[in-house]
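In what follows, a structure is listed as structure tokens, so that the remarks can point back to it.
The values are calculated or read from the model by the stated rules, or taken from the named source; none is laboratory data. All figures in this text were calculated on a predicted structure; none of them were measured in a lab. Virtual Cβ from ideal backbone geometry, glycine too; neighbours counted across all protein chains shown.
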């Protein structure tokens, strides 16, 4: 693990809690690995040792959960500086993974090691607690949106808040993330273009 990448991660983690750079460098050198994914590649948690956390160094990926090869749900999109949690949310979601939208580099870190660090160092416990609070808030907002907003409202929200993704992410991935049919997304986008809605 290069010092430049560890420095990048350290700067990201400092927003959650102060942690010595030398301490972080030692941990990541021993327990983390950098994985390169080509566009279209997938990495699934079941093929890894233990549940993992992924830090996106470069690129763009979708986090997906699935029970069957044809039954998948895109939980989120993660880009540079984002953390990907590759742990299943429930018993019905057996596999969690990353799908590279473009060529990407991901730093993978074993979650079991993180749990040990939380027991030994208060800073890590603070980082994990604050990150989990942020993740829970984001997850709750998405559940509320999917259960209460119409398809048009969901699409408008996504396009307004993530314009950078619209040009890169395939429509079928956006539709899956918003829990609508690709045909519905295409129809609403076409209608909205003619009305200059978004």
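Structure values in brief
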read-out	value
Failed condition for residue 60, given (1) at pLDDT below 80; (2) touching a strand residue (DSSP E or B) at 6+ places or on another chain (Cβ under 8 Å)	(1)
Selection from the range 164-184 of residues that are under 17 Å from the mean Cα position of the chain (by Cα) and in a helix (DSSP H, G or I)	164, 165, 166, 173, 174, 175, 176, 177
Residue check for residue 113: under 15 Å from residue 54 (Cβ atoms), part of a helix (DSSP H, G or I) and in contact with a helix residue (DSSP H, G or I) (Cβ under 7 Å, 6 or more places away or on another chain)	yes
Flag if residue 5 is in a helix (DSSP H, G or I) and modelled with pLDDT of 85 or more	yes
Residue in the range 117-133 that is over 26 Å from residue 29 (Cα atoms) and either modelled with pLDDT of 80 or more or surrounded by 16 or more Cβ atoms within 10 Å (Cβ to Cβ) (or both) present	yes
Positions within the range 134-163 being surrounded by 13 or more Cβ atoms within 10 Å (Cβ to Cβ) and over 17 Å from the mean Cα position of the chain (by Cα), in sequence order	145, 146, 149, 151, 152, 154, 155, 156, 157, 159
